[in-house]
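Values in this text are rule-based calculations from the coordinates and carry no lab data. Remember, predicted model here, so these are calculated numbers, not experimental data. Here Cβ is always computed from backbone atoms with ideal geometry, including for glycine, and neighbour counts include all displayed protein chains.
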Amino acid sequence: MVRFSTSTMRNIENRIPAGAELDRAATMPDHAPVRVRSARRTRRPVHAPALIRTAWWPSLVLFLLILGCAGRPLPSDGTARPAPTETVPATGAFKPGQLPVIRIGLLVNRDSANLTGTGRFRVVDRASGEVIGTSSSGQIWKMQAKGAWIDVSAPGGAAQGLYTGPIQVNPLAREGRIKAADREYRGSMEVVSNKTGKLTVVNILDVENYLRGVVPPEIGKLKEDRIEALKAQAIAARTYTVANLGRRKALGFDLYGTVADQVYHGYSAEWPVADRAIAETRGMIATYEGKPIAAQYSSTCAGETESIEDAWGGNPIPYLRSVQDRHRGSDDFCNHSPVYTWRVEWNKSTLENILATRLPGMDPRKRGEFSLRDISIKSRSPTGRVQQLEIKSNHGTTTLRSGQIRSALRRPVRGQPMLRSTKFDLKFRQNSIVAEGGGYGHGIGMCQFGAIGMAGQGYKYDQILKHYYRGIDLDRVYN
Ligand SMILES: [Zn+2]
């Protein structure tokens, strides 16, 4: 039996975790020795030294030119973030042809963060290079935002110091991990104080080790007989990563570790079969005319993927055209998905309550007075996905487009998750409204359940990728 995630959409909404990863509670002997020096620093500017700011640019620009990806940005995903507040450079120096190092924003705009290690680890003030302390496995260091400062404190009150940071937390053993927010991560951590007086915790590691914490949460802990789907996912995720290095650089990192970019759960999510899929495709990305592709993917297309311009507007992209998710005469590759078809029923008052808060432009003071008069589908894309939905109420007429439809017609269950897709019909009952639909996600690019289905039928990763992304090549950009 294949285990998989039922919700693998990126950039759209909360997902159901792929597997039951139990948090490994650290055992924390509070008697272990800690060597720290109390330190109080003079205030330094929060932004990085000019040397660092200038050093990484030429190599990144050169890299982008070589990959030829300096052109089209990725389509807007509707997950706009607050204005950039941080000037720490996102990527470290990158040399073309070499494995990139990536910075992942794990915790962003926090008042405090607790960090510990699975083995001995060292806490360093990056600005001065001073070692603040060396600690034993499991000892928790607390970092608190204090204006432009970071208040660093060692276990047991052994030391406390104010720093402008960034503060680095580095494992001393080769396989040592740092633990933050109940998950373990490879590489090192950096705690940065940003201009809003909050902390950002950044995990710094190489892209191949990063992918080990991305592929299982994105497509599930698949077994050996589905490894080709894991390889396809690894290449799609690697392509997204390489094409988007520096995407969040104004925030001091490259990518979020969430659905806003790619879900990343670090060492705690790793899975041996996925590790092998990543290793066997090392350095490989999907390209179109020599440029990394915009490797969009979503959970379940329910028979046909969507052309990007039909979902998000803008210009067509040759490799993001709608494809039939089957080969001649076969069943749909994703027909085994638990959300291949679905049904949602709202009673009228429940839907009115949802729309009263979720409909764009609603006045919150009038939420209690929402009366739904009509709801109708005005247009569909060539694959049958709803493009325009008209809602008439006592507040007037609102026309919702593509992405807005899913976030307005939320499901009447706990947490009010978004509607799974825009591929649906509406039926009207005496006192309720029913949506009968199929699929999960925007439907653009690779269908993840389809990829799993293809792997089960013996297709190889390159066949899977070239089925969903027509006309692409696979290139190794580093060894
Ligand atoms: Zn599909």
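Neighbour counts of other Cβ atoms within 10 Å put Y319, Y240 in the fewest-to-most order Y319, Y240. The largest-to-smallest principal axis extents of the Cα set in the stretch 342-437 are 39, 26, 23 Å.
Remark: M189, M418 ranked as M418, M189, counting other beta-carbon atoms within 10 Å and listing the fewest first.
Here the relative contact order of the stretch 372-413, from alpha carbon pairs under 8 Å that lie six or more residues apart, stands at 30 percent.
In terms of distances greater than 18 angstrom between alpha carbons, the cross-link table entries K142/K249; K249/K291; K348/K427; K291/K460 yield K142/K249; K249/K291; K291/K460.
Rounded to the nearest whole angstrom, the semi-axes of the ellipsoid equivalent to the stretch 205-254, taken from the Cα gyration tensor as √(5λ), stand at 24, 10, 8, largest first. Subtracting the Cα-Cα distance of Q457 and Q98 from 0.36 nm times their residue separation leaves 125.7 nm of extension gain.
The residue list V344, G396, M362 was ranked by how far each Cα lies along the charge dipole of the stretch 342-437 toward its positive end, using unit charges on Cβ atoms, and V344 comes out on top.
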